[in-house]
Structures are given as C-alpha cells and as structure tokens.
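Below is one structure; the comments refer to it alone.
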Number of protein chains: 2
Amino acid sequence: MRKPNEMLNFTVGPVMSSPDILAIGGEQVPYFRTQEFSDIILENEALMKEFVHAPEEAKVVFITGSGTASMEAVVMNVFTPADKLIVIDGGSFGHRFTELCDIHHIPYTSICLESGHVVTDEMLRKFDGKGYTGLLVNIHETSTGVHYNPQMLGEFCRRNDMMYVIDAISSFLADPLDMTEVGADVIITGSQKVLACAPGISIIVLSERALKRVERNETKTMYLDLKGALKNAERGQTPFTPAVGILRQINARLKHIKEDGGAIAEIAKIKAQAEDFRKKIKGLPFEIKSESMSNALTPLTPTGASAHEIFLQLKDNYGIWICPNGGELKDTLFRVGHFGALTHEDNDTLVAALKDLQKKGKI
Amino acid sequence: MRKPNEMLNFTVGPVMSSPDILAIGGEQVPYFRTQEFSDIILENEALMKEFVHAPEEAKVVFITGSGTASMEAVVMNVFTPADKLIVIDGGSFGHRFTELCDIHHIPYTSICLESGHVVTDEMLRKFDGKGYTGLLVNIHETSTGVHYNPQMLGEFCRRNDMMYVIDAISSFLADPLDMTEVGADVIITGSQKVLACAPGISIIVLSERALKRVERNETKTMYLDLKGALKNAERGQTPFTPAVGILRQINARLKHIKEDGGAIAEIAKIKAQAEDFRKKIKGLPFEIKSESMSNALTPLTPTGASAHEIFLQLKDNYGIWICPNGGELKDTLFRVGHFGALTHEDNDTLVAALKDLQKKGKI
C-alpha cells in the first residue's frame with residue numbers, strides 16, 4: 001500500500017521498493033569490517049551467480065556507484081589498447097560504451113542502429129574473421145526500449161573467440177539471460193532496477209576468462225580497480241566503504257526472489273506486468289517504435305502531444321512518474337517501467353490518468 | 001533510543017543516524033530527473049558551502065562513491081603530470097594519496113611521518129621555493145587519529161602559490177575548518193562521517209582556482225569526471241543515477257545542523273562528546289599516541305592486550321562496535337569515534353564494558 005501523497009513510480013530507476021526492503025533502509029547501517037557483513041556479501045555473490053546461471057568459476061563484485069561506474073570499470077579492467085572491439089550503439093547507453101572506449105583508448109567499431117531497431121545476424125556477419133577481440137552491448141538499450149538477442153550475439157562472439165560483455169542493467173531478471181548458455185564473460189546490473197533497492201550499487205559478474213584479463217592488465221584506477229575489488233571479494237569485503245545499507249537491501253531482495261521461485265518466477269512476474277500494461281493501452285494515441293521489447297519497459301511515442309509535457313502533467317496533476325527521455329528524444333518518447341513494487345492495479349491507475357488526459361485534449 | 005539488540009556504534013563510519021534520518025532511509029526513493037530533486041541538490045550545495053565557509057564562487061559536487069572516489073576524482077581532475085605535489089603521508093589515508101599520484105603519473109614528494117606525529121612548519125619550510133604546485137593532505141589522518149594544523153599548511157601553500165587539497169572526510173564538522181581563511185582549494189568529505197547518513201556519497205567543494213584547473217584539464221575518466229559533474233550540478237543534477245536516498249538524508253541533516261546553530265554548534269557538540277570520553281577512560285590501560293587529536297575520534301593503544309581482540313570482545317559480548325585497525329596496526333590500535341547519534345551516556349556504556357573486560361583480566 002502506498003502512503004497518502006506518495007507518488008506512483010513507473011520510471012526505470014529508482015523504482016518502488018517493497019515494504020520489507022524499505023524497512024531495511026530505515027535501520028541503522030552496521031559497521032562492515034566484520035564476518036557478519038562478509039557473510040552477506042558472499043551470499044549476495046552466490047545468489048547473483050545463481051540468477052544469471054554463471055559458471056562455477058565466475059566471481060561477482062559490488063561497486064558503490066551507478067551502472068556507468070561498472071561499465072567504465074569493465075572497459076578499463078578487461079580491455080587494453082591492444083584490443084579491437086565491436087560496440088552496439090543503438091541509443092544513449094550503447095553510445096556511452098563508445099565514449100568509454102574513446103576515453104581509455106580502446107580501438108572499436110560501432111554498429112550504429114536506427115532508433116528502435118535491433119542488431120541482426122546479417123550486420124554481425126560482416127565482422128566475422130576480422131580480428132575483433134570483444135563485444136560490448138547493452139542487451140536492453142534502456143533509452144529507447146530495444147532488447148537485443150543475447151543468444152545471437154553470443155554465437156557471434158563464440159565463433160570469433162571474442163570477449164562478450166553484456167550490460168544487463170535493466171534487463172537482469174526482466175528478460176531471460178543465461179550467462180553459461182550465451183557464453184557471456186561479463187554481466188552488469190544495478191541495485192535500482194529489477195532488484196528494486198535504493199540506487200547506489202552496481203554489480204559485475206565476471207567469467208574465468210574475464211578474471212584472467214583483469215589479473216594481467218595494468219591497474220589504471222584505484223576506485224574502479226577490479227583487481228583490488230576481487231581480492232577483497234574473496235573474503236566478502238570491498239576495498240573502500242561501500243553503500244552498506246543498499247548491500248543489505250540487495251541481500252534481502254535476492255533471498256526473497258529465491259524463495260519466490262528464483263529468476264524464472266521473477267521474470268514471469270515482470271512479463272505479466274508488461275503484457276497487462278500493453279494490453280490496456282491499446283487505443284491510446286501512442287506508437288511503439290521498438291522492433292523487440294524487453295519486459296522491463298514499454299517505450300511510447302505520442303502521436304499528438306509532447307512526451308515531456310505528458311511526463312509533467314502526470315507528475316504535477318496525477319501523482320504519477322513515468323520515465324521521461326532527455327536530449328533529442330525529449331518530446332517524442334517516454335517510457336513506462338514494469339518493475340519495482342508495481343501491480344496490475346497500478347497499470348489501471350496510469351491508464352486511467354492517460355485516458356483522462358486524452359479526454360481533456362492533452363494527448 | 002536504540003532498539004533491543006541494536007549495536008552501539010563507536011566506529012568512524014558508518015555511524016548511527018538520528019531517527020529522522022533513518023525515517024528517510026525507510027521512504028520510497030523518488031525519481032530524480034525533476035526540479036524537485038534539483039532543488040534538494042542545490043540546497044545541499046549552499047549549506048555545504050556555508051558550513052566550510054567557502055568563497056562565493058566555489059562549487060560543490062556529490063559523487064556516488066566512497067571518500068576514495070572523491071580523492072581519486074580530485075587527483076585526476078585537478079592535477080596533471082606537469083604538477084609537482086607534496087603529500088602528507090602520515091598513515092594509510094595519506095599513503096593512499098601517494099598511490100593515487102602513482103597511478104595517475106603525478107610527480108610528488110611525500111612527507112612521511114612517524115605514526116602519531118604531526119607535520120611541522122620546520123618540515124614544510126624545506127620545500128619552500130622548490131617549485132611545488134600543490135599539497136594533498138588528509139587533515140585528520142583517520143587511520144591513526146592525528147589532526148594536522150590546516151592554518152599552517154595553508155600558509156605554506158599561500159607563500160608558495162600551491163593548490164591546497166584537504167581531505168576532511170572525518171574532520172568536517174568535527175574540527176573547525178574555514179576554507180576561505182586557510183585558503184583551501186578543495187575540501188572532501190563523505191555522507192557517513194559527521195553527516196551521519198548512510199554511506200555511499202562523497203562530497204567535493206572546489207574553489208574557483210580548482211574549477212579553472214578542472215576546466216582546462218583533459219578528461220581521463222567518465223565516472224569520476226568533474227567537468228561533467230560540475231556541468232550537471234549547475235542545474236542541481238548529476239551525470240549518472242546518484243544515491244538519491246542518501247542525498248535526501250544529507251539534505252535533512254544539513255538543514256538540522258543549520259537549525260541547531262550551524263557548524264560551530266555541531267563542532268562544539270562533538271568536541272564535548274570527545275572530551276567526555278577522554279575524561280572517563282582515565283585510568284584504563286590504554287595509551288594515546290597522537291600528538292594532536294581531532295574531536296572526531298580517540299586512538300587508543302592497549303598496554304596489555306590485543307586491540308583486535310578488544311574489538312571482537314566488545315562486538316560479540318557487549319553489543320558494541322569500536323573501530324578496529326587493519327594491517328600493521330591491527331593488534332596495537334583501536335579507535336573510538338565521537339560522531340553519529342551518540343550521547344555521553346553511550347560513553348558510560350562503553351567505559352563500563354571496558355572496565356568489565358579489565359575486571360575479567362582481558363585488557
């Protein structure tokens with residue numbers, strides 16, 4: 001139950017947390033250089049590995065920082081200027097990977113996609129046998145709501161013996177993703193997406209092959225150094241004071257997901273939430289310009305109104321946050337998230353507000 | 001009032017928060033790309049500037065990360081390999097500044113101090129007129145509890161026209177520090193020290209001179225890039241999803257400090273807490289090996305027991321955390337913090353536990 005005056009949050013992070021996760025946020029944050037806290041981190045690692053079906057040898061690090069902190073840590077620690085990468089640049093997050101490669105002098109070729117479009121096997125085949133050493137992809141390009149095929153990308157990497165890095169920030173536990181099956185070397189996510197905890201922690205799962213690269217590469221940063229993070233992680237610790245409270249929330253949330261049937265059940269729940277919303281908005285003046293949607297969110301283009309204006313109307317007059325876009329997409333695209341503590345009744349509330357705006361001639 | 005079974009926390013971070021700050025931790029985390037959240041960040045900036053008495057032109061950035069993230073951001077953004085720095089290396093945090101300079105190829109000379117000792121004017125005078133361009137100091141070397149003289153260091157920097165960087169992580173609002181008077185260019189602190197909020201945010205205040213250096217230096221990182229952070233800060237935003245919940249806690253805390261009399265009153269409160277403790281432990285078998293203590297903490301060397309063993313005894317049998325040391329100091333030093341939601345009665349509880357350990361022959 002929401003409290004009176006509490007906003008209904010359909011953004012894609014931070015999202016609404018369940019009451020038990022909020023309760024942890026309200027507790028004193030414990031001192032953390034203890035075996036008790038180490039046990040929490042080690043349990044978090046085991047459950048993360050279970051939910052992405054990571055190989056036994058994989059390791060997990062928890063970075064106090066946004067998803068971008070982990071994207072940068074991976075680019076800096078796993079790759080060097082001797083690499084030659086493919087970056088799937090299908091929106092602002094894909095583009096961010098190219099900027100990270102620029103900053104750190106990692107050679108790359110970007111596959112630029114038209115907004116809303118997926119990368120195809122045909123596009124990839126052109127790069128077969130050309131000496132590429134790795135692929136960087138945001139498997140769900142969260143800025144535009146396009147979900148790429150992790151299996152197809154994995155086959156491309158496998159046949160070219162490439163490192164396969166998946167930023168699954170908003171896709172982890174929203175869409176099926178099997179690290180072992182697709183052969184991924186890195187999977188990234190964050191605390192404020194489907195994990196529905198407070199923002200402040202991002203998470204990196206590394207395969208044995210990725211770990212070997214981290215080990216042999218020169219350290220170019222202290223805060224984002226994965227060698228140090230991995231060494232500390234062996235005993236369930238972090239090199240620097242982490243966001244201890246959020247790591248405790250993540251622990252509770254991961255255990256609940258496990259109790260409720262694991263990754264499969266969580267993904268099914270979010271899929272049902274997405275399908276319910278997509279069914280209910282039929283007839284409203286929006287277009288969906290995505291070739292392949294994630295269960296995480298629905299990207300909507302209003303046919304007769306400004307997307308940003310709709311965001312402001314819902315925020316100021318209905319107590320509802322949808323997720324606005326910035327930059328070029330500000331007026332043409334908004335997004336409705338399907339994760340966090342949301343119900344099908346919440347979808348009804350949002351759809352009723354949109355219909356009310358329609359009645360008032362605002363959309 | 002602590003809840004039953006809640007630990008009494010005398011560490012130096014995370015520390016105990018007041019009930020109203022905890023209540024914010026228990027609230028839903030709002031969406032943040034809004035004017036409402038920008039207003040919070042801008043208010044945080046204004047109050048931070050007020051409490052360090054920053055010059056009008058100074059700016060503040062909030063980094064989602066530990067204090068080390070901000071130390072690294074400052075080293076990377078304010079300095080280049082063309083600089084020549086002095087680093088006060090009086091413990092593990094001072095030493096960390098030298099490691100950051102090594103990683104980023106910034107030339108430096110370290111002034112290595114014996115554990116417990118302060119830097120003196122005589123030591124500094126040797127470096128006058130030698131072309132040094134900046135000084136890095138942890139004004140309170142938190143690892144050993146030594147507080148350096150910010151005025152003396154400031155005069156050294158002023159007469160040599162050097163950038164003056166103060167990591168005041170545990171000293172901010174525990175000891176007097178006037179950015180304008182001492183002529184500091186950078187002051188760093190964190191959410192989990194005297195601000196007594198959850199860990200996950202560090203804060204950097206930059207003078208106009210520091211801002212100009214950030215502006216002209218090449219960007220070598222995305223996540224720790226201060227150019228991007230400062231550009232976003234103009235409108236009260238951050239480049240990446242921040243720890244929104246902790247920034248809201250910081251807002252409430254800064255406003256309370258202001259209501260309660262500002263920096264002067266907060267520092268007086270912590271000073272009284274420290275003096276009360278130092279008075280009450282007289283006669284216990286501990287030595288204080290610090291030439292100059294901060295109000296933030298008291299460093300104690302047991303004369304007849306292992307410091308780490310005392311930490312474990314208090315944790316496991318008395319429900320009390322003191323702050324252990326790692327590495328070489330593990331057995332010889334522990335620290336008792338004086339900030340967070342602590343009272344003089346809490347000092348009584350700790351002292352009684354220590355006396356009980358003494359009675360049992362454990363110390």
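For the stretch B:236-272, taking the residues that are among the hydrophobic types (A, V, I, L, M, F, W, C) and within 14 Å of chain A (Cβ to nearest Cβ), the one that is nearest to the chain's Cα centre (by Cα) is identified as B:Ile250.
A residue that is small (Gly, Ala, Ser) and touching a Cys at 6+ places or on another chain (Cβ under 9 Å) cannot be found anywhere in the stretch B:230-240. Quick one: count up the residues across the stretch B:345-363 that are assigned to a loop (DSSP other than H, G, I, E, B) and not β-branched (Val, Ile, Thr). Final tally of qualifying residues: 3. Filtering the stretch A:1-22 to residues that are open to solvent by 50 Å² or more (accessible area, probe 1.4 Å), closer than 20 Å to A:Phe277 by Cβ and more than 9 Å from every other protein chain (Cβ to nearest Cβ) leaves nothing. Which members of the stretch B:106-158 meet the condition of being touching a Gly at 6+ places or on another chain (Cβ under 6 Å) and open to solvent by 60 Å² or more (accessible area, probe 1.4 Å)? B:Arg158 - this is the single residue of the stretch B:106-158 that is touching a Gly at 6+ places or on another chain (Cβ under 6 Å) and open to solvent by 60 Å² or more (accessible area, probe 1.4 Å).
Listed here are the residues, each with its yes/no results for (1) of a type in the set (A, V, I, L, M, F, W, C); (2) touching a Cys at 6+ places or on another chain (Cβ under 7 Å); (3) open to solvent by less than 20 Å² (accessible area, probe 1.4 Å).
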| site | (1), (2), (3) |
| --- | --- |
| A:Gly261 | no, no, no |
| A:Glu266 | no, no, yes |
| A:Ile281 | yes, no, yes |
| A:Thr298 | no, no, yes |
| A:Thr303 | no, no, no |
| A:Leu314 | yes, no, yes |
| A:Tyr318 | no, no, no |
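Consider the stretch A:320-344 and keep the residues that are of a type in the set (A, V, I, L, M) and part of a loop (DSSP other than H, G, I, E, B). The one that is surrounded by the most Cβ atoms within 10 Å (Cβ to Cβ) is A:Ile322. The number of residues in the stretch B:98-132 being in contact with a helix residue (DSSP H, G or I) (Cβ under 6 Å, 6 or more places away or on another chain) and over 30 Å from B:Leu300 (Cβ atoms) comes to 2. For the stretch A:180-198, the condition holds for at least one residue, the condition being that it is in contact with a Cys (Cβ under 7 Å, 6 or more places away or on another chain) and closer than 17 Å to A:Ala296 by Cα.
Take the conditions farther than 30 Å from B:Leu226 by Cβ, assigned to a helix (DSSP H, G or I), open to solvent by 40 Å² or more (accessible area, probe 1.4 Å) and modelled with pLDDT of 95 or more and apply them to A:Glu99. Does it pass? The answer is no for A:Glu99. Scanning the stretch A:23-60 for residues that are open to solvent by 60 Å² or more (accessible area, probe 1.4 Å), in contact with a helix residue (DSSP H, G or I) (Cβ under 8 Å, 6 or more places away or on another chain) and facing chain B (nearest Cβ under 9 Å) gives a single hit, A:Glu27. Determine, yes or no, whether A:Lys84 is within 29 Å of A:Glu218 (Cα to Cα), of a type in the set (D, E, K, R) and touching a strand residue (DSSP E or B) at 6+ places or on another chain (Cβ under 8 Å). It is true that A:Lys84 is within 29 Å of A:Glu218 (Cα to Cα), of a type in the set (D, E, K, R) and touching a strand residue (DSSP E or B) at 6+ places or on another chain (Cβ under 8 Å).
The values are calculated or read from the model by the stated rules, or taken from the named source; none is laboratory data. All figures in this text were calculated on a predicted structure; none of them were measured in a lab. We place every Cβ from the backbone using ideal geometry, glycine too, and count neighbours over all the protein chains shown. Please note that ligands, DNA and RNA were not included when accessible areas were found on the heavy atoms of the full protein model with its side chains. Shrake-Rupley method; radii C 1.70, N 1.55, O 1.52, S 1.80 Å.
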